[in-house]
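To start, the structure itself, in structure tokens.
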Amino acid sequence: MKTRDDCIFCKIVAGQIPSMTVFEDETTLAFMDISPLNRGHVLVIPKEHFETIGEIEPALYGHVAEVLCRIAKAVQATVAPEGLNVMQLNGRAGNQVVPHVHLHIVPRWSGDGLTICAWEPIPGDKAEIAAIAGEIKARLS
């Protein structure tokens, strides 16, 4: 299993840093965020070190997402938020702070002051969007 000595999440997986674990299996760990955006904020990570989504195998990411779904339901039942944000950030420009793939489950309430992913939709150039879609589709073939 690939790990990094300088990764805080790898240290949590190794038991070198304590965590408030809510779920663990052979490949996945979920624990409370100690700097929560709201009460009930949980992080779900693969135990193996992958810096971004571009490095992780799709099957493993699928398992992490499956675990996240189960935990999100438990968070919903526990803290009864009005909504939930599920986030997975990549790279510095994407606001990824810890360079280890992780997913956030953030309970939300009206008026909680968070402005996660707030943007005003502005129609884009349809020709450019279609061209990019074509390039993405070609890379998936």
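Just so it is clear, none of the values below were taken in a lab; they were calculated from the coordinates. What you see is a predicted model; the values in this text were computed from it and never measured. Every residue, glycine among them, receives a Cβ derived from its backbone with ideal geometry; neighbour counts consider all protein chains shown.
Remarks
- Option label - Cα extents along the principal axes in Å computed here, alternatives (i) 51, 24, 20; (ii) 42, 30, 23; (iii) 51, 41, 25: (iii)
- For the chain, leaving out every one of the trypsin sites (Lys or Arg not before Pro) that falls in a DSSP loop and has at most 14 other Cβ atoms within 10 Å, the longest unbroken run is 40-141.
- Where only DSSP H runs of four or more residues are counted, the chain gives -10000 deg cm²/dmol as its mean residue ellipticity at 222 nm, each run worth -39500 (n - 2.57).
- Reachable lysines from Lys137, criterion Cα separation under 28 angstrom, eight or more residues apart if same chain: Lys126
- Taking a straight Cα-Cα cut-off under 26 Å and skipping sequence neighbours fewer than 8 places away in the same chain, the lysines within cross-link reach of Lys11 are Lys2, Lys47.
- Taken about its Cα centre, the chain carries a charge dipole of about 140 debye when Lys and Arg each add +1 at the Cβ and Asp and Glu each add -1 at the Cβ.
- The GNM of the chain, with springs linking C-alpha atoms under 10 angstrom apart, assigns the highest mean-square fluctuation among Leu29, Leu60, Leu37 to Leu60.
- For the pair Val79 and Leu60 in one chain, pulling the backbone fully straight at 0.36 nm per residue adds 4.0 nm over the alpha carbon distance.
- Going from the residue with the fewest nearby Cβ atoms within 10 Å to the one with the most, Leu89, Leu103 rank Leu89, Leu103.
- Val86, Val13, Val97 arranged by Cβ crowding within 10 Å, fewest neighbours leading: Val97, Val86, Val13
- Among Thr52, Thr115, sorting on how many other beta-carbon atoms sit within 10 Å of each Cβ, with the fewest leading, yields Thr115, Thr52.
- Projecting the Cα atoms of Ala130, Ala77, Asn95 onto the dipole axis of the chain, where Lys and Arg carry +1 and Asp and Glu carry -1 at the beta carbon, places Ala77 farthest toward the positive end.
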